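Some notes on the structure that comes next.
The values are calculated or read from the model by the stated rules, or taken from the named source; none is laboratory data. This one's a predicted model, so the numbers in the text were calculated from it and none came from an experiment. Heads up, the Cβs are rebuilt from the backbone with ideal geometry, glycines too, and the neighbour counts pull from every protein chain shown.
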């Protein structure tokens with residue numbers, strides 16, 4: 001830890017920060033195969049602050065690590081962009097893009113009762129959503145659960161909920177960067193770590 005600059009106690013996603021510090025120093029990182037058995041937030045009131053904290057922490061990590069030009073290699077920079085910058089941008093553009101697409105489809109349909117949007121465009125949109133939903137369902141199966149329709153059909157709504165957390169994250173990034181929104185986690189019952 002000392003060799004990579006220590007632990008940033010002010011970053012609210014300290015795991016992302018230390019991961020990039022280790023990668024920059026040449027260490028290899030992997031994913032722990034066993035589940036953490038941590039429960040997800042069970043209400044929007046808990047989910048919103050947690051998601052805002054993660055977005056803010058990823059912005060903090062992105063800001064800190066893009067300033068370290070002398071110690072940053074191309075692979076680390078690519079990982080930083082793919083892991084933090086792209087998800088922040090895509091998650092915040094998803095809801096506006098869906099809204100624009102829905103309004104465009106509605107206006108197109110209202111003009112003459114027919115759609116002039118090419119079927120290839122609609123298919124690409126549907127396949128992108130379906131691929132993401134299938135990955136989510138696979139994750140549920142791998143964790144021992146059974147996918148439900150909500151896992152598949154609710155993903156687009158879940159993505160759009162990011163627009164609730166993002167303004168809070170950006171405001172806190174500038175005006176309360178070290179504030180830590182705590183997340184209440186219910187204990188998991190009936191399951192033990194393998």
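Whenever a residue of the stretch 154-183 is closer than 20 Å to residue 12 by Cα, its partners that are exposed (fewer than 15 other Cβ atoms within 10 Å of the Cβ) and modelled with pLDDT of 80 or more, lying with C-beta atoms within less than 9 angstrom and at least six residues away or across chains, give the pairs 163/96; 164/44; 172/179; 173/63; 177/10; 178/9; 178/10. Out of the residues in the stretch 150-190 meeting the condition of being more than 20 Å from residue 45 (Cβ to Cβ) and surrounded by 14 or more Cβ atoms within 10 Å (Cβ to Cβ), tell me which one is modelled with the lowest pLDDT. Applying the filter and picking the extreme gives 151.
The set of residues in the stretch 114-133 that are in contact with a helix residue (DSSP H, G or I) (Cβ under 8 Å, 6 or more places away or on another chain) and surrounded by 12 or more Cβ atoms within 10 Å (Cβ to Cβ) comprises 115, 117, 125, 129, 132, 133.
Any idea how many residues of the stretch 116-137 are farther than 16 Å from residue 153 by Cβ and in a helix (DSSP H, G or I)? Qualifying residue count for the region: 6. Out of all the residues in the stretch 99-113, is one or more out of contact with any strand residue (DSSP E or B) (no Cβ under 8 Å at 6 or more places or on another chain), surrounded by fewer than 15 Cβ atoms within 10 Å (Cβ to Cβ), modelled with pLDDT under 85 and not in a helix (DSSP H, G or I)? Scanning the stretch 99-113 turns up at least one residue that is out of contact with any strand residue (DSSP E or B) (no Cβ under 8 Å at 6 or more places or on another chain), surrounded by fewer than 15 Cβ atoms within 10 Å (Cβ to Cβ), modelled with pLDDT under 85 and not in a helix (DSSP H, G or I).
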